[in-house]
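Below is one structure, written out as structure tokens, with a few remarks after it.
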Amino acid sequence: MTGRALSFGTVAEAYERFRPGYPAALADLVLTYAGRPVRTALEIGAGTGKATRLFARRGIAVTATEPDAAMLAELRRQVPTGVRTVQAAFEDLPPGESHGLVYAAAALHWTRPEGRWSRMAALLEPGGVFASFGGPLRLADPAVAEAVHAARAPFLDSDEVPSPDGTPADQVLQWPGTELARSAWFTDVRQSVIERRLTMTAHDFVGLLSTVSAYLTLPPAAREQVFDRIVRVLPEAVEVTADVTVHLARRSSGDAG
């Protein structure tokens, strides 16, 4: 886990307040792909539990793991009784307890690439499902987006997380689908997009930015300055493209090499 990965705990309450949850269509997509009842699930890097709640509402016994103590405390305040919570990074999870579903919500890119897929497979039942989902929230109006980019430019050129394996943005199959497709541990790799538009106030949009790692790693004075510059160029309400890109794969039933 990098320092940037562990920066979110400083804003756990803001993360819960300003980050949008996940649509019911996401659970429908994952569980339909599974093609059989999913009784247990493990979440990697659960944050404040927004995805945990989605799957727990479907009657699945979810174990939510999160390395940051402050995020974990907020998660425990938010998730329903019966959700098991564990303070642990993905790399520290012991193999042995396998699940029908293992998933990561906007968190997989914080895991170490070495041994990622063999470790993931060890957490899954044969034929079990892995899901990774998330995506950047972008201003829908190009003029507003350009104004925000100009306001942010002295501090940050981009506030998005680059592709962990360098996959170009115009390539059809995006990461982690690219890695899953090459892994002997997984099969039936699929990529889907759930389209979504949200409207929020300028204040809430800046609140959302305050939970993004690129801003969290700026010095406090610079962070305050960039948010002040951004809020000055925003209209009172903004429309945000919040598409959820979903990658699904199935653990190979046989032994992987």
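The values are calculated or read from the model by the stated rules, or taken from the named source; none is laboratory data. On a predicted model such as this, the values are computed, not experimentally measured, just so you know. Quick reminder, even Gly has a Cβ in these numbers, built from the backbone with ideal geometry, and neighbours come from all protein chains shown.
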Which of the residues that make up the range 84-123 are out of contact with any strand residue (DSSP E or B) (no Cβ under 8 Å at 6 or more places or on another chain) and of a type in the set (Ser, Thr, Tyr)?
Ser118
Cβ-Cβ below 8 Å, separation at least six or inter-chain, first residue in the range 96-120 and over 14 Å from Gly45 (Cβ atoms), second polar (S, T, N, Q) and at pLDDT 95 or above: which pairs?
His99/Thr40; His99/Thr63; Gly100/Thr40; Leu101/Thr40; Trp117/Ser183
For Trp110, the lone unmet condition from (1) buried (at least 16 other Cβ atoms within 10 Å of the Cβ); (2) at pLDDT 95 or above; (3) hydrophobic (A, V, I, L, M, F, W, C); (4) out of contact with any Pro (no Cβ under 7 Å at 6 or more places or on another chain) is (2)
Among residues of the range 66-90, those that are surrounded by 24 or more Cβ atoms within 10 Å (Cβ to Cβ) and free of Cβ contacts under 8 Å to residues at least 40 places away in the same chain, counted:
2
Hey, can you tell me all the residues within the range 175-194 that are outside any strand (DSSP E or B) and surrounded by fewer than 18 Cβ atoms within 10 Å (Cβ to Cβ)?
Ala181, Arg182, Ala184
Only residues that are over 10 Å from Pro80 (Cα atoms) and surrounded by fewer than 24 Cβ atoms within 10 Å (Cβ to Cβ): list them for the range 45-64, please.
Lys50, Leu54, Arg58, Gly59, Ile60, Ala61, Thr63
Please give the number of the condition Glu125 fails out of (1) among the charged types (D, E, K, R); (2) touching a helix residue (DSSP H, G or I) at 6+ places or on another chain (Cβ under 9 Å); (3) in the same structural domain as Ala88 (by TED's automatic domain parsing).
(2)
Could you pull out the residue among Ala184, Ala169 that is farther than 24 Å from Gly21 by Cα, modelled with pLDDT under 95 and among the small types (Gly, Ala, Ser)?
Ala169
Given the criteria among the polar types (S, T, N, Q), within 30 Å of Met200 (Cα to Cα), part of a loop (DSSP other than H, G, I, E, B) and in contact with an Asp or Glu (Cβ under 6 Å, 6 or more places away or on another chain), does Thr52 qualify?
no
